[in-house]
Amino acid sequence: MRHKICLRKSKKTCNLLDEIIKHKFCKMSESVLKEKSFLYAIKIIRIYQYLTETQREFVLSKQLLRSGTSVGAMVRESKNSESIADFQHKLGIAQKECDESLYWLELLRKTDYISELEFIGLNSDAEELLKMIRSSILTSKSNNKQ
């Protein structure tokens with residue numbers, strides 16, 4: 001399809017068309033990612049409230065709050081990226097923040113601030129998000145090579 005369109009258009013127009021096609025291809029999976037990362041942030045806020053009000057734990061919970069809510073913020077920022085490279089960079093930051101939140105969750109579990117049940121739920125959400133983010137980055141990179 002690209003070749004038929006590009007035969008009649010300039011190179012700049014072809015690159016613009018490629019960008020539009022890539023954006024539309026990733027749009028559906030991004031909206032799922034956006035929704036899931038937003039719901040994850042809400043769960044992180046709730047566990048933060050529990051940790052600070054009930055468990056009186058402030059240091060680890062604050063780190064979890066920052067990294068856990070940052071995932072959704074970076075996913076949302078990626079939707080307004082200025083280029084494919086910027087999109088990949090923002091999702092890369094979201095990936096790092098998601099992995100960091102997994103670290104804080106593990107620490108909170110191993111120090112008995114959260115129960116095994118709480119840990120399993122949040123950990124599986126974070127693992128799912130991490131896979132989705134990695135997949136979006138890889139898809140974007142492979143689409144960018146074509």
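The values are calculated or read from the model by the stated rules, or taken from the named source; none is laboratory data. Only a predicted model underlies this, so the values are computations on that prediction, with no experimental measurement involved. For neighbour counting, all protein chains shown are included, and Cβ atoms are generated from backbone atoms with ideal geometry for every residue, glycine included.
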Confirm whether Leu102 is assigned to a helix (DSSP H, G or I) and either under 14 Å from the mean Cα position of the chain (by Cα) or surrounded by 16 or more Cβ atoms within 10 Å (Cβ to Cβ) (or both). yes
Would you check if there is a residue in the stretch 65-86 being surrounded by fewer than 21 Cβ atoms within 10 Å (Cβ to Cβ) and farther than 27 Å from Ser140 by Cβ? yes
For residues that are surrounded by fewer than 13 Cβ atoms within 10 Å (Cβ to Cβ) and either among the small types (Gly, Ala, Ser) or at pLDDT below 65 (or both), tally how many sit in the stretch 20-47. 5
Return yes when Glu97 is among the charged types (D, E, K, R), over 14 Å from the mean Cα position of the chain (by Cα) and either surrounded by 21 or more Cβ atoms within 10 Å (Cβ to Cβ) or in a loop (DSSP other than H, G, I, E, B) (or both) and no when it is not. no
Hey, does the stretch 48-56 have a residue that's on the phi > 0 side of the Ramachandran plot and at pLDDT 95 or above? yes
Restricting to the stretch 105-129, name every residue that is crowded, with 19+ Cβ neighbours inside 10 Å and part of a helix (DSSP H, G or I). Leu105, Leu108, Leu122, Asp125, Ala126, Leu129
Tell me the residue from Lys131, Lys62, Lys79, Lys90 that is out of contact with any Leu (no Cβ under 6 Å at 6 or more places or on another chain) and more than 17 Å from Ser37 (Cα to Cα), please. Lys62
Would you say Met1 is under 23 Å from Glu128 (Cα atoms), modelled with pLDDT under 95 and not small (Gly, Ala, Ser)? no
Where the second residue is among the acidic types (Asp, Glu) and surrounded by 19 or more Cβ atoms within 10 Å (Cβ to Cβ) and the first is closer than 13 Å to Tyr103 by Cα and lies in the stretch 49-68, which pairs have Cβ atoms under 7 Å and are six or more apart or on separate chains? Ser67/Glu97
